[in-house]
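Step one of this worksheet: look at the structure below.
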Amino acid sequence: SFGLTAVDPPSTSAASGVARTEYRVDAGSATPFELFVSTFPLAEGIRLAEFRSEDNVGNLELTRSATVLIDETPPTVSYRIAGSSFTDILGRLAISTSALVVLEAQDPVSSGVASGVDGLRSRLNGAENQSVAGSSTAFSLSEGSYTVSFSALDNVGNSGSLITFSVLVDTTGP
């Protein structure tokens, strides 16, 4: 949501107060202003908001503008294994202890805007979430069976889908 606040500062010792505030978004000079009554949503993308206020004695402020970047697209996440891995005919993933599990996120550009990835949140076997700043992290696992869940957050709070996968770390030879 986008909101506006207007104040009528005293010019010497008096101010009449704000009578109204008007705005328009992504409009040309021929488009009329709308009366501002409360916050309003802006569509994703690069938006130009123009606004002005008038005081109680008719003094009209010069039109001001602000370019606003609205990012409503969540980051995408993926994982890969760096090192020895094998997927059996049932789709079960097995890796060695020397392999790294790599979690990655990207914040895609949508309507010309992307705020960037703030960080990743991961959980191993249902334990407490671990947060990592940035768009990727890598870790190794000791022998055992694991369920890895993770998602990403972008810099304006959009949360990506939760991805969950299972992996078996095998150190026993045939």
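Here are the numbers for this structure:
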read-out	value
Full-stretch length increase - Leu168, Val37 - with 0.36 nm per residue and alpha-carbon distance subtracted	41.4 nm
Choice from Leu141, Leu90, Leu162 with maximal GNM fluctuation in the chain (Cα, 10 Å cutoff)	Leu90
Rounded D (µm²/s) - the chain, Kirkwood Rh over Cα pairs, Stokes-Einstein at 10 °C, 1.306 mPa s	78 µm²/s
Value of Rg/Rh across segment 124-170 [Cα atoms, Kirkwood radius]	1.00
Residue with peak Gaussian network fluctuation, the chain [Cα springs, cutoff 10 Å], from Gly134, Gly160, Gly58	Gly58
Solvent-accessible area, 1.4 Å probe, carbon plus sulfur percent, for the chain	51 percent
Along each principal axis, Cα extent of segment 1-70, largest first, Å	43, 24, 18
Most positive-pole-ward Cα, Val37, Asn158, Phe139, against dipole of the chain from beta carbon charges	Phe139
Environment charge at Gly45 (Cβ cut-off 11 Å; Lys +1, Arg +1, Asp -1, Glu -1)	-3
Estimated dipole of segment 12-159 in Debye, rounded to 20 [Cβ of Lys and Arg +1, of Asp and Glu -1, Cα centre]	260 debye
Among Ser98, Asn125, Thr87 - extreme Cα towards positive end, dipole of segment 79-129, charges at beta-carbon	Thr87
FRET E, pair Glu54, Asn158, Förster distance 45 Å, beta-carbon r, rounded to 0.05	0.75
Rule-of-thumb Rg ratio for segment 47-132 [Cα; 2.2 N^0.38 Å; N residues]	2.02
Span from the segment 125-174 Cα centroid across to the segment 25-64 one, whole angstrom	46 Å
Cα-based Kirkwood hydrodynamic radius, segment 73-174, one decimal, Å	14.4 Å
Surface accessible to a 1.4 Å probe, per residue, for the residues of the chain, Å²	60 Å²
Per-pair calculated FRET efficiency, R0 = 45 Å: Ser111 and Ala14 via Cβ, rounded to 0.05	0.50
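The values are calculated or read from the model by the stated rules, or taken from the named source; none is laboratory data. Computed from a prediction, not measured in an experiment: that's the story for all the values here. Note that each Cβ is placed from the backbone with ideal geometry, even for glycine, and that neighbours are counted across all protein chains shown. With ligands, DNA and RNA removed, areas are computed over all heavy atoms of the protein, side chains included. Shrake-Rupley method; radii C 1.70, N 1.55, O 1.52, S 1.80 Å.
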